[in-house]
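Below you'll find the structure, written out as structure tokens, and then a few comments.
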Amino acid sequence: MPTLTEVYNNIPFREGLIPDWGFSCHVSEAGLLFDTGAKGDVLLSNMQALGITTADIRHLVLSHDHYDHTGGLRAVLAANPSVEVFVHDGFSGQTLGLIREYTVPEIVDGWTEVVNGIAVTGPLGTDIREQSLAITVAGGLLVVTGCAHPHISRIIDRVSREGPVWGVIGGLHTVTHEDIDALAGVACISASHCTDKIREIRERYPETFRPGGVGKVHQV
């Protein structure tokens with residue numbers, strides 16, 4: 001059963017950590033870091049406080065090329081250049097160039113397994129290209145999003161082709177009525193970071209909503 005720890009989030013959850021605009025989540029069993037937040041020093045400070053070292057990270061998945069998800073990238077790679085980095089075609093030459101200073105990026109264009117039981121959706125959306133994680137859990141698939149710019153309804157639709165969506169964790173950005181409806185039947189909903197309708201989601205799904213924030217540990 002995977003253990004996910006939010007190491008970067010603008011929403012506070014646990015004392016002794018630094019909340020700051022952005023998102024990053026660590027999957028301990030896989031040695032996987034999803035996104036890097038906005039500032040490398042904040043990311044590394046929070047990781048240290050949570051007992052996570054850069055040596056623990058073997059895989060790094062970046063959801064999309066916005067500063068609040070890639071700002072800690074250099075700090076991670078400088079400390080551990082052997083990490084395997086997964087990006088997609090929505091990343092700029094500048095970001096790809098930074099990665100190539102340390103390692104060769106894995107550029108994915110569709111559903112791709114990162115490690116056993118964990119895949120990336122590949123890029124979705126047109127205006128802002130973004131990919132999400134899909135983690136196999138007992139009840140189906142747990143979706144981890146950076147901002148869900150393509151809309152969580154579309155992400156759920158894509159992941160559902162591979163299996164039932166059990167949970168959703170991360171930022172959901174601009175949430176429509178269709179997005180809220182798409183969360184029906186999801187057993188775990190933990191919307192945070194940039195989600196603009198957290199209150200509405202919590203009120204619609206009070207039994208399945210779980211608060212998120214920096215320091216939150218999800219054991220699923």
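The values are calculated or read from the model by the stated rules, or taken from the named source; none is laboratory data. These numbers come from a predicted model, not from an experiment. Using ideal geometry, Cβ is built from the backbone for each residue, glycine included, and neighbour counts are taken over all protein chains shown. When the accessible area is computed, the model is the full protein with side chains, heavy atoms only, and any ligands, DNA or RNA have been set aside. Shrake-Rupley method; radii C 1.70, N 1.55, O 1.52, S 1.80 Å.
In the range 7-93, what % of DSSP beta bridges are antiparallel (nearest 5)? Roughly 45 percent of the DSSP beta bridges within the range 7-93 come out antiparallel. Using every pair of distinct Cα positions in the range 90-147, the Kirkwood expression returns a hydrodynamic radius of 12.7 angstrom. Taking all C-alpha pairs of the range 40-87, those more than 13 Å from each other amount to 56 percent.
Given the Cα atoms of the range 1-41, and with Rh set as the inverse mean 1/r over their pairs in the Kirkwood sense, what is Rg to Rh to two decimals?
On the way: Rg = 10.4 Å, Rh = 10.6 Å.
Ratio of gyration radius to Kirkwood radius: 0.98.
Please report Rg over Rh for the range 14-67, where both radii come from the alpha carbon positions and Rh follows the Kirkwood definition. Expressed as Rg/Rh, it is 0.94. The residue list Gly139, Thr126, Ile107 was ranked by how far each Cα lies along the charge dipole of the chain toward its positive end, using unit charges on Cβ atoms, and Gly139 comes out on top. The HN-Hα couplings worked out from phi for the range 126-137 by the Karplus form 6.51 cos²θ - 1.76 cosθ + 1.60 (θ = phi - 60°) are 10, 5, 10, 6, 8, 10, 10, 8, 10, 10, 6, 10 Hz, whole numbers, x standing for Gly and Pro. Under 5 Å between amide hydrogens, built in the peptide plane, is the criterion, and for Leu60 it picks out Leu33, Glu84, Val85, Phe86 among residues at least 5 positions away or on other chains.
Based on Cβ point charges of +1 for Lys and Arg and -1 for Asp and Glu, what charge dipole magnitude is obtained for the chain about its Cα centre, in debye rounded to the nearest 20? Kindly include the intermediate steps, with their values, before the conclusion.
Numbers: 15 positive and 26 negative charges, 63 e Å.
Value, rounded to 20: 300 debye.
Treating r as the C-beta distance of Glu101 and Ala184 and R0 as 35 Å, the FRET efficiency rounds to 0.20.
Using 1/(1 + (r/R0)^6) with R0 = 22 angstrom and r between the beta carbons of Arg74 and Ile128, what's the FRET efficiency to the nearest 0.05?
Working: r = 22 Å, r/R0 = 1.00.
After rounding, the FRET efficiency stands at 0.50.
Sequence-ordered 3J(HN,Hα) estimates for the range 83-88 from the Karplus curve with 6.51, -1.76 and 1.60 and θ = phi - 60° stand at 5, 8, 10, 10, 10, 9 Hz, glycine and proline given as x.
Residue-wise HN-Hα couplings along the range 101-117, as the Karplus relation 6.51 cos²θ - 1.76 cosθ + 1.60 with θ = phi - 60° gives them from phi, are 5, 10, 7, 9, x, 8, 9, 9, 10, x, 4, 9, 7, 8, 9, 4, x Hz; Gly and Pro carry x.
Remark on the range 152-220: Rg and Dmax equal 11.3, 31 Å (Cα only). For the Cα trace of the range 1-148, dividing Rg by the Kirkwood Rh returns an Rg/Rh value of 0.93.
Over the chain, give the accessible area per residue in Å² for a 1.4 Å probe, as an integer. It would help to have the intermediate numbers written out before the result.
Numbers: 8980 Å² over 220 residues.
Dividing the accessible area of the chain by its residue count gives 41 Å².
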